[in-house]
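First up is the structure itself, then whatever we jot down about it.
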């Protein structure tokens, strides 16, 4: 497993940028799943005070010193500002969930010196990995993609 992936999943305090009020986005699923896997998670939403009983923070800066990494699950157009904010506060461990990346976002992450994971699902790596993600992980390993 890549060291960057290992560093991210060893971070036990994760901000999740990209939760929705409707609860239908991947960010909400990741927030719930990571919490169930023992991570301390923080929802980031620019307007909501809470979602499904979970307090929300308006931005990463509101979490300064409280998180070790950020899972970015927003459209690529919005991901650029999340990356800039993470870099400005010294937050290096960043996971771009599928759909958040674009060539421009990936280039910006490199320019900012972030420890970036992209084009992979965090739920395939954050232990314990089970059910669908366990099978997906098995086949990824089998075909040399893990």
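Does anything in the stretch 81-114 have its amide N under 13 Å from the 7 Å Cα→Cβ label point of residue 59, and if so which residues?
81-89
Note the full-extension length gain between residue 13 and residue 76 as 0.36 nm times their separation in residues minus their Cα-Cα distance, in nm to one decimal. All intermediate terms of the calculation are to be shown ahead of the outcome.
Values: separation 63, 0.36 × 63 = 22.68 nm, distance 2.32 nm.
Computed gain between residue 13 and residue 76 is 20.4 nm.
Given a Förster radius of 22 Å and the C-beta distance between residue 66 and residue 102 as r, what FRET efficiency does 1/(1 + (r/R0)^6) yield to the nearest 0.05? It would help to have the intermediate numbers written out before the result.
Values: r = 28 Å, r/R0 = 1.29.
It comes out at approximately 0.20.
What FRET efficiency comes out for the pair residue 111/residue 47, r = Cβ-Cβ distance, R0 = 35 Å, nearest 0.05? Intermediate results must be reported in sequence, preceding the final value.
Numbers: r = 29 Å, r/R0 = 0.83.
That gives a FRET efficiency of 0.75.
So if I take the alpha carbon set of the stretch 58-126, get Rg, then get Rh from the Kirkwood formula, what is the Rg over Rh ratio?
Values: Rg = 11.0 Å, Rh = 11.9 Å.
A ratio of 0.93.
Note down the relative contact order for the stretch 1-103 as a percent, whole number, built from C-alpha pairs under 8 angstrom at least six residues apart. All intermediate terms of the calculation are to be shown ahead of the outcome.
Values: 175 pairs, mean separation 28.3, N = 103.
Computed over the stretch 1-103, the figure is 27 percent.
Computed from the coordinates by the stated procedures, all read-outs in this text should not be read as laboratory data. All figures in this text were calculated on a predicted structure; none of them were measured in a lab. FYI the Cβ positions are ideal-geometry reconstructions off the backbone, even for glycines, and counts take in every protein chain you see.
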